[in-house]
């Protein structure tokens, strides 16, 4: 056994056989704990298994915010913490114990929060060392809260082209210090190739064997930018966030439905997992497609309220959002649907949010939530984009009038019921 060969004599394992071949379990992740004595002090090693595939992100878990952290990862770290205490006893009696914590992907996120908890509960940073790999983002806390010196023994090893490290969204963060590198999988499809994709654990392991020395938080890599033409598309993403009670249907440029969120539950269709990453936290829906691919989103309200819709262009090599467009204070009402086409040849600043009724485009919503209705006297200011679902360039006046009446009624409803309606856009 590997544990005994390294001198570990006391060991606890959880679901090692049962869970290692199944999707990540938010409430009971697969993990292993072991301890040993060395030079008069105790050493505890904690290893948390991660995801089998990128689709592990979409289970039926009801993910929300827990003290501004991702509730799924909080549940996972709580399960590991419970077994850790069974192994070592009272935490305060382990001031001379050194903890080494590691995990990949979803296991990395669990490890990140577990290390934070040990530090918050009084274990010195000189006795807690976490090394996480391919770690998604775990918290909506930001800035100094994440990087304060008490968390400087948490190291998150990130392959810049790895899209999972953007999940749930770019507004989220990780505790500790991010150490990046740049290595491209030998594939032009990050999602479809589970063996050598940019997120794969063996891909990380292969790079770490180089033992590069960090420089300004970067470990280097094969090249600043990919030299192979078929890999250049892997550096750009269009992280998209939809906030409030709407169902979302995602179509490719041929009008084929690839994925959907129904009552905040993500689901892939027609091999959509080859093209997209999905995740939901409460009423927040997150979609991460490659920037080179074009998609059309159909937004269908399932309740009244106010919607916020954001699309970004993210350069994974610089870690920067290079463009962003946000539609705020968008009135929602049953029967009033919207559509937006993103990616491909459409620049982020040119993304539009269009109103539809019965599948026909009748108007446009602007960034401040105001809108206009198209008619023969008020045609679109630009060509209405081809959505891949349906398109109506010259609408009958009767349809426009119906749309105007419908939306005006929704606006009256909003003004007279603003205090009581669901303002999801405030819960960021």
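Numbers at a glance
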quantity: Pick from the range 151-176, criterion farther than 14 Å from residue 108 by Cα and touching a helix residue (DSSP H, G or I) at 6+ places or on another chain (Cβ under 6 Å), ranking: surrounded by the most Cβ atoms within 10 Å (Cβ to Cβ); calculated: 161
quantity: Segments classed as strands (runs of 3 or more DSSP E), wholly inside the range 281-355, with at least 2 members that are in contact (Cβ under 8 Å) with a residue 40 or more places away in the chain and in contact with a helix residue (DSSP H, G or I) (Cβ under 7 Å, 6 or more places away or on another chain); calculated: 305-315, 320-332
quantity: Residues (more than 24 Å from the chain's Cα centre (by Cα), at pLDDT 90 or above and either crowded, with 21+ Cβ neighbours inside 10 Å or not in a loop (DSSP other than H, G, I, E, B) (or both)) located in the range 211-264; calculated: none
quantity: Any hit, the range 399-418, residues being under 27 Å from residue 275 (Cβ atoms), surrounded by 13 or more Cβ atoms within 10 Å (Cβ to Cβ) and modelled with pLDDT under 90; calculated: no
quantity: Some residue of the range 39-54 being at pLDDT below 90, within 27 Å of residue 260 (Cβ to Cβ), in a helix (DSSP H, G or I) and in the same structural domain as residue 175 (by TED's automatic domain parsing); calculated: yes
quantity: In the range 129-149, residue farthest from residue 103 (Cα to Cα) [restricted to those that are part of a strand (DSSP E or B) and over 15 Å from the mean Cα position of the chain (by Cα)]; calculated: 129
quantity: Qualifying position, being farther than 16 Å from residue 288 by Cβ, modelled with pLDDT of 90 or more and within 18 Å of the chain's Cα centre (by Cα), among 178, 152; calculated: 178
quantity: Sole residue being in contact with a strand residue (DSSP E or B) (Cβ under 7 Å, 6 or more places away or on another chain) and at pLDDT below 80, chosen from 389, 362; calculated: 389
quantity: Residues of the range 82-106 satisfying the condition of being part of a helix (DSSP H, G or I) and either buried (at least 19 other Cβ atoms within 10 Å of the Cβ) or under 15 Å from the mean Cα position of the chain (by Cα) (or both); calculated: 84, 106
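The values are calculated or read from the model by the stated rules, or taken from the named source; none is laboratory data. Please read these numbers as outputs of a predicted model, since none were measured by experiment. Neighbour counts run over all protein chains shown; Cβ positions are idealised from the backbone, glycine included.
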